[in-house]
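What follows is one structure encoded as structure tokens, with my remarks underneath.
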Amino acid sequence: MMPNEKRPNEPMLSDTEPTQPSAPEVIFTETIPGASHWSMKIPRGYTLTATDIEGGANLSVLFYNPENLLERYNAPDTLKCQHTFKLTAGHCLYSDMGRIFCRIVHDDTGWIDTVCGVANKAKVTQKWGERTYQTDRNQWKQNGYDALLVEVAKYGLGKRDLAANLNLFSQVRTDTAGHLIYEENHSRPGDSIALNFEMETLVILTTCPHPLNPASEYPFKPVQLTLTPSGETATLADPEHGKDENQRGLENNRRYHCISPQEAL
């Protein structure tokens, strides 16, 4: 048979035939049980995807700059500069120095709360009764405030370093009287939220329940975390970041990373 001769019944392959994109390499996948806490320094150019396994989860999250822990997530600036009360896909998450920690690139829930904070021990005890680790081991009723404190302490931080946090998978709206209303069953089993990191970020999180959750029993809801390479970071030319405020945030990131203007386009 000649080198380029087609075998009988063998399909011809075209050099221009499209190839299926390969799935991103998974660095790790980990399931965080309900009422637990976790942290990791995530490099620039990586995506952290959180998945609500059972539905009804809450993931309280804080961000810090590991090179300067005084720089941390700023909820008021994040909402104000993007003219929104809710956060979802397309929004950027800002530090208090005007830089963008990460972008929300996927959100099945359509609404992320960042105004209600976390519950403390007194609130959890009042709502669900008291259980301690000494008596109930992993079924004790941890609260979000103490969970975050335990995690930030690993990096030399304390109470004064806790800022207003994100609550992934939770929606809180206001009624006509201005009261905050928690939306039950907002997140369904399998819903996921993905964050693309635009700068190296220390991520602190807890799976303790939302402070406004009205459940009669303490909800132990696990969340799966998956880290993959993003493949790219945002550029100044991205149309989805056309807001002047986000352009300024990306420009601050460009200067912080000493990237040339041409490379940032």
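FYI, it's all coordinate maths here, none of it is from the lab. Nothing here was measured: the structure is a model prediction, and the numbers come from that model. Every residue, glycine as well, gets a Cβ built from its backbone with ideal geometry; the counts of neighbours run over all protein chains shown.
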Determine the calculated [θ] at 222 nm for the chain from helices alone, applying -39500 (n - 2.57) to every DSSP H run no shorter than 4 residues and normalising by the residue count; nearest 500 deg cm²/dmol.
-4500 deg cm²/dmol
Which order do the peptides 123-132, 84-93, 223-232 take when ranked by the mean count of other beta-carbon atoms within 10 Å per residue, highest first?
84-93, 223-232, 123-132
Using θ = phi - 60° and Karplus 6.51 cos²θ - 1.76 cosθ + 1.60, couplings along segment 214-224 (whole Hz; Gly, Pro as x)
x, 3, 6, 10, 4, x, 8, 10, x, 10, 9
May I ask you to evaluate 6.51 cos²θ - 1.76 cosθ + 1.60, the Karplus curve with θ = phi - 60°, for each residue of segment 161-175 and list the ³J(HN,Hα) values in order in whole Hz, giving x for glycine and proline?
9, 7, 10, 4, 10, 7, 10, 5, 6, 10, 10, 10, 10, 10, 8
Paramagnetic reach from Glu67 in segment 184-202 [backbone N under 14 Å; point 7 Å along Cα→Cβ]
198-202
With no solvent and one equal point scatterer placed on each C-alpha of the chain, evaluate the Debye formula and give log10 I(q)/I(0) for q = 0.07, 0.12 Å⁻¹, two decimals.
-0.30, -0.73
Under 28 Å from the Cα of Lys141, which lysines turn up, not counting those fewer than eight places away in the same chain?
Lys41, Lys121, Lys123, Lys127, Lys154, Lys159, Lys221
Springs between alpha-carbon pairs under 10 angstrom, Gaussian network model over the chain: which of Ser95, Ser170, Ser216 fluctuates most?
Ser216
Asp175 paired with Thr135, simple spin-label distance in nm, labels 7 Å along Cα-to-beta-carbon:
3.5
Degrees between helix 244-256 axis and first principal axis of the chain (Cα, 0 to 90, nearest 10)
80
Under 5 Å from the placed amide H of Ala119, counting only residues 5+ away or on other chains, we find Gly144, Tyr145
Let me know the charge dipole size of the chain about its Cα centre in debye, to the nearest 20, where only the beta-carbon of Lys, Arg (+1) and Asp, Glu (-1) is charged.
940
